[in-house]
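The values are calculated or read from the model by the stated rules, or taken from the named source; none is laboratory data. Quantities reported herein were computed from a predicted structural model and do not represent experimental measurements. Positions of Cβ are generated from backbone atoms using ideal geometry, with glycine treated the same way; all protein chains shown enter the neighbour counts.
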Amino acid sequence: MFKPIDLSELKTYSLSKRKSKVCTDDFAGVWKAGSGFKDFFDCLPNILAAGDIREVISSMATAFENKKTIAVAMGAHVIKVGLNPIIIDLMERGIIKAVAMNGAGIIHDSEVAMTGQTSEDVAASLGDGMFGMARETGAFLSDAIQKAGQDSLGLGQAVGLSIIENKLLFMDKSILAAGARLGVPVTVHIAIGTDIIHMHPQFDAKEAGGASHRDFRTFASVVATLEHGVYLNVGSAVILPEVFLKAITLVRNLGHHVENFTTVNMDFIRHYRPMTNVVNRPTSEGGRGFNLVGHHEIMLPLIAAGVIEVLGGVKC
């Protein structure tokens, strides 16, 4: 028969000597009406994700001040939630030194440049087989791919130059055009069959593959300079984390030292590949990896504004 255990000999210690994870020094500040944006960040608690955002902002600001590379890899959802102006501004300020996209990125970015709108209603057009059949998108990008082949360009540069040369109405909102204008590499990493233009008869898979491979080599050159820099993966769950991991092993194989740097993954939920291929494995020899869960349209502008505030509104 079991009886209640005797607690009289329990060992205890003083609370004042215990190491605790939470301290009032890290508590949130109280907002005062009329305060500025920097005050808002100063009011955030230095705990969990709020503390991580502070660290990410600090790492980016430090990398910029030390002339180290800050690179952003992004899924097309970043474009679809209206963040092109944020990315372009950071490129113009010299904060972002390189951008990487998946294949969907050139579709949404070029559609924005052409018409000021993008993001098809898939459910409404899938039933009759018309999803992805926009004529202008297929024709414009197929022409750009041919340009890439003729001039031995990377896919991102070819599309960016085509947007500028065709003087598309909303080209000021295009990340690809900004990259071509500023000399900031915007690389594009495709997977055949994933994008709507792959269904169009003009699409040249050979030229697209060659252009994307040239972009991979350019991307690897960017990754080779990440020591003491920052790499952000925003909204790509599979393709770009895999490309990043291959680029890391490639440049290390070639003798480049990329161990002590900061990686950041940002997405709605935790995915295996970004956590493994961006946050954990590449920083296992040094550096730090962060995973921020939340909406891009909120997190990325907050981080961008925080970096600009820390740097005093630097404009290059």
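Which count do you get for residues in the range 193-218 that are under 15 Å from Lys97 (Cβ atoms) and out of contact with any Gly (no Cβ under 9 Å at 6 or more places or on another chain)?
0
Once the range 275-294 is narrowed to residues that are without any contact (Cβ under 8 Å) to a residue 24 or more places away in the chain and more than 19 Å from Val222 (Cβ to Cβ), the residue that is nearest to the chain's Cα centre (by Cα) is Met275. When the range 227-240 is filtered for residues that are touching a residue at least 40 places away in the same chain (Cβ under 8 Å) and at negative phi, the ones remaining, listed by number, are Glu227, Gly229, Val230, Tyr231, Leu232, Asn233, Val234, Ser236, Ala237, Ile239, Leu240.
On the stretch given as the range 243-274, residues that are without any contact (Cβ under 8 Å) to a residue 60 or more places away in the chain and within 14 Å of the chain's Cα centre (by Cα) total 6. One residue stands out among those in the range 237-272 that are assigned to a helix (DSSP H, G or I) and β-branched (Val, Ile, Thr): the one that is nearest to Gly287 (Cα to Cα), which is Ile248.
Against the list (1) among the β-branched types (Val, Ile, Thr); (2) out of contact with any strand residue (DSSP E or B) (no Cβ under 7 Å at 6 or more places or on another chain); (3) in contact (Cβ under 8 Å) with a residue 60 or more places away in the chain, the condition Thr62 fails is (3).
Being surrounded by fewer than 19 Cβ atoms within 10 Å (Cβ to Cβ), under 21 Å from Gly105 (Cβ atoms) and modelled with pLDDT of 95 or more is a description that applies to Leu245. On the stretch given as the range 162-177, residues that are outside any helix (DSSP H, G or I) and surrounded by 21 or more Cβ atoms within 10 Å (Cβ to Cβ) total 2. Taking the criterion of being surrounded by 11 or more Cβ atoms within 10 Å (Cβ to Cβ) and either touching a Ser or Thr at 6+ places or on another chain (Cβ under 7 Å) or part of a loop (DSSP other than H, G, I, E, B) (or both), the residues of the range 23-55 that qualify are Phe27, Ala28, Gly29, Ser35, Leu44, Pro45, Asn46, Ile47.
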